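Please read the structure below before turning to the comments.
The values are calculated or read from the model by the stated rules, or taken from the named source; none is laboratory data. The structure displayed is predicted, hence computed values, not measured ones. All Cβ positions, even for glycine, are placed from backbone atoms using ideal geometry, and neighbour counts span all protein chains on display. The protein model used for the area step is the full one, side chains on, heavy atoms only, and it has no ligands, DNA or RNA in it. Shrake-Rupley method; radii C 1.70, N 1.55, O 1.52, S 1.80 Å.
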Amino acid sequence: MTQGNGMRATLQRRMLLLGMVPRQPRRVSAPELVERLQARGLDTTLRTIERDLESLSAFLPLGRDERDRPYGWYWLADAPLQDVPALDPETALTLQILDANAARLLPPSARERLAPQVARAREVLEATGQSSGLSLWPERVRILPNGPPLDPPPIPEGVFATVQQGLLERCCLDITYRSRSKERVRDHRIHPLALVFREPVTYLLATIEPHQDVLHLAAHRIEAAALTEVPARDPDAGFDLDQLIQEGVFDYPEGDTIRLELSVSPELAYHLHEARLSDDQTIEPEGDGECSRVTATVRDTARLKWWLLGLGASVEVLEPRALRDAMIQELESARMAYRTTRGGRE
């Protein structure tokens with residue numbers, strides 16, 4: 001092998017090697033690194049890798065745990081991120097947006113691993129200058145709720161991190177759960193299955209031993225949680241989160257799909273042209289020319305009724321008759337409530 005080829009082989013091996021060393025507190029031994037490099041097609045030896053690690057640790061923030069043999073190697077927890085290739089501003093922006101808006105979607109261990117990348121992303125964006133659109137982007141983009149901003153109910157300290165860890169490690173949890181009535185507090189062993197964030201509430205989908213039915217537990221009602229070493233299991237019938245959501249388990253279903261017919265104001269008709277109720281939605285002008293008739297196949301849920309009630313006089317339910325009667329009854333009850341003197345003006 002020529003000197004040039006030897007230098008290229010050494011550089012290739014050491015770059016791959018550095019990418020395989022984890023950040024503290026995780027660690028990896030030299031024999032494990034040999035196996036991983038050989039799996040990548042590099043013909044190397046344990047002695048070569050040990051020499052590489054010793055040489056690289058002389059000028060890079062690499063540490064060695066000497067409590068047990070074989071020694072464990074790691075990047076120091078506060079080591080600056082080594083960009084190879086350099087982190088570009090677009091990727092830096094993506095990391096910063098992820099950190100700002102998806103914090104709850106990641107388990108604590110994953111957020112800790114991302115901390116150096118997020119810090120580096122902030123540095124890269126700041127270096128682009130205040131006039132850069134990329135550096136300004138996080139300050140100029142917001143996600144707003146559809147409705148009044150509701151503060152999420154507080155989750156007892158330490159509970160959510162334990163729930164995330166149980167889901168991540170696929171281990172059972174021992175929890176203390178307060179029922180919605182606030183009158184019953186019970187201990188359960190649960191098999192965590194999924195997390196669903198439906199603002200402002202976070203739900204843990206799980207089965208409770210010895211039962212198989214999937215329940216959604218409000219995270220803020222879990223008063224205590226402890227991780228066990230017992231492996232968590234899916235229900236015998238299987239578990240499909242997307243299917244459960246499609247079936248409406250979070251929409252408070254009250255019936256099957258219905259053919260909805262509405263008479264709507266011009267403003268609402270314009271809105272529904274842009275944001276459709278369903279794929280088969282149609283909008284046609286009515287005889288008076290002022291209103292439009294909207295038809296669509298939708299799921300009969302409490303959420304649908306809340307949406308219709310929130311539109312007030314901009315909408316009239318025509319069909320189905322049962323839904324129209326329910327709306328009339330609800331609006332009549334509301335009218336009677338406002339006839340009382342509790343407001344102090346009658």
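Find, among the GluC sites (Glu not before Pro) in region 123-232, those assigned to loop by DSSP (not H, G, I, E, B) with at most 15 other beta-carbon atoms within 10 angstrom. Mind dumping the intermediate values first?
Working: sites: E123, E126, E139, E157, E169, E183, E223, E229; in loops: E157, E183.
Those satisfying the criteria are E157, E183.
Counting only protein heavy atoms and a probe of 1.4 Å, the accessible surface of the chain is 51% carbon and sulfur. Taking amide H as placed 1.01 Å from N in the peptide plane, A232 has its amide H under 5 Å from the amide H of C171, C172, each at least 5 places away in sequence or on another chain. When each of the peptides 208-215, 297-304 is scored by how many other beta carbons lie within 10 Å of its residues on average, the order from highest to lowest is 297-304, 208-215. Inter-part distance, region 152-217 to region 91-117, computed on C-alpha centroids, equals 23 Å.
Counting only Cα atoms, I'd like the Rg/Rh figure for region 192-346, Kirkwood definition for Rh. All intermediate terms of the calculation are to be shown ahead of the outcome.
Values: Rg = 21.1 Å, Rh = 19.1 Å.
Rounded to two decimals, Rg/Rh equals 1.10.
Which translational diffusion coefficient, to the nearest whole µm²/s, is obtained for region 169-280 from the Stokes-Einstein equation, given a Kirkwood hydrodynamic radius over C-alpha pairs, 4 °C and 1.567 mPa s?
In µm²/s, the coefficient is 77.
Over the chain, the fraction of Cα-Cα pairs per 10 Å bin, rounded to whole percents and listed from the shortest bin up, is 4, 15, 18, 21, 20, 11, 6, 4, 1, 0.
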